[in-house]
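Only one structure is covered here, and it is reproduced in the block below.
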Amino acid sequence: MRGKFITFEGGEGSGKSTHTAALAERLRARGIDCVLTREPGGSAGAEIIRHIILSGIAKPLGVETETILFAAARDDHVRVTIEPALNAGQWVICDRFIDSTRVYQGALGKVDMKLIRSLERVTVGPNVPDLTFVLDVPANVGLARAKTRRGAAAADRFESEAVEFHEDLRRAFLVLAEREPKRIVVIDGRAPRDVVAERIWATVEERLLGGAVAAAETVAP
């Protein structure tokens with residue numbers, strides 16, 4: 001049986017890394033083998049491209065070039081990590097995926113959506129997420145969290161953008177969620193961590209987990 005693919009989206013400091021890890025741990029406790037990964041990155045080749053993008057080296061080349069770099073990283077990530085895991089029956093939990101490109105480079109960067117969709121067809125193919133969570137927090141809250149998290153380290157390519165950029169980013173994610181309600185679920189990321197985790201878990205149980213657990217119990221020794 002092919003595994004399930006869950007992605008987490010949202011602005012900087014919205015809690016994606018925390019809750020991808022928490023969900024993976026909870027699934028493993030239920031006997032479901034899963035792979036925890038991220039974008040950009042998640043494979044050896046993609047991690048190299050991640051450094052190029054987040055360091056800001058590619059920014060002077062323009063947003064279209066950044067979009068192509070993201071696509072190159074995603075192609076390696078999907079081929080090396082995501083697709084093999086799904087085909088092996090593992091669940092894949094990913095911190096960012098196609099919706100970040102649609103929002104950061106598409107809605108905010110004004111890259112032609114025809115180019116973005118074309119790149120998706122090549123790099124993603126049938127490996128579209130079964131379920132996507134958008135962790136929603138106000139821009140000032142997310143940026144404050146991101147600053148606390150990185151400590152004395154410098155802000156990366158996107159954290160360094162003005163607060164107005166991050167406010168537009170938040171709105172763009174919410175618009176995307178309105179357009180795809182069957183796949184995308186918005187979770188209020190301002191709630192306490194355990195409350196957010198329970199809301200995520202309840203959604204996974206409702207939409208995906210029941211059938212998977214039943215199947216696992218059927219084949220269990």
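None of the figures in this text is laboratory data; all of them are computed from the coordinates on show. Remember, it's a predicted structure, so these values are computed and weren't measured experimentally. Cβ sites come from the backbone with ideal geometry, for glycine too, and all protein chains shown count toward neighbours.
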Here the gain from full extension of ALA29 to ALA88, 0.36 nm per residue of separation minus their alpha-carbon distance, amounts to 19.4 nm
For the stretch 37-145, the Rg and Dmax computed from alpha carbons only, in angstrom
14.1, 41
Against the longest alpha carbon principal axis of the chain, how many degrees, from 0 to 90 and to the nearest 10, is the axis of helix 16-29 turned?
10
Trypsin sites (Lys or Arg not before Pro) within the stretch 1-57: DSSP coil, no more than 16 neighbouring Cβ in 10 Å:
ARG2, ARG30
Calculated FRET value between LYS110 and THR148, using beta carbons and R₀ = 25 Å, to 0.05
0.20
In this model, which of LYS59/LYS182; LYS4/LYS110; LYS110/LYS182; LYS16/LYS59 are farther than 28 Å apart at the alpha-carbon?
LYS59/LYS182; LYS4/LYS110
To the nearest 500 deg cm²/dmol, what mean residue ellipticity at 222 nm is calculated for the chain from DSSP H runs of n ≥ 4 alone, each contributing -39,500 (n - 2.57), summed and divided by the residues?
-15000 deg cm²/dmol
Please determine, in degrees from 0 to 90 and to the nearest 10, the orientation of helix 44-54 with respect to the longest principal axis defined by the Cα atoms of the chain, where the helix direction is its Cα long axis.
40
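Based on the Kirkwood radius over alpha-carbon pairs, what is the Stokes-Einstein translational diffusion coefficient of the stretch 5-219 at 25 °C with 0.890 mPa s viscosity, in µm²/s? Walk me through the numbers before you get to the answer.
Values: Rh = 17.7 Å.
Reported coefficient: 139 µm²/s.
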SER17 to VAL122: FRET efficiency via 1/(1 + (r/R0)^6), r the Cβ-Cβ distance, R0 30 Å, to the nearest 0.05?
0.60
Relative contact order of the chain: what whole-number percent is it, with Cα pairs under 8 angstrom and at least 6 residues apart?
30
Determine which residues of the stretch 1-44 fall in the zone a paramagnetic label at ARG183 would reach in this model, i.e. backbone nitrogen under 15 Å from the point 7 Å along Cα→Cβ.
4-10
Proximal charge balance of HIS19 [Cβ under 12 Å; K/R count +1, D/E count -1]:
-1
With Cα coordinates, the longest principal axis of the chain makes an angle with the long axis of helix 193-204, in degrees rounded to 10, of 60
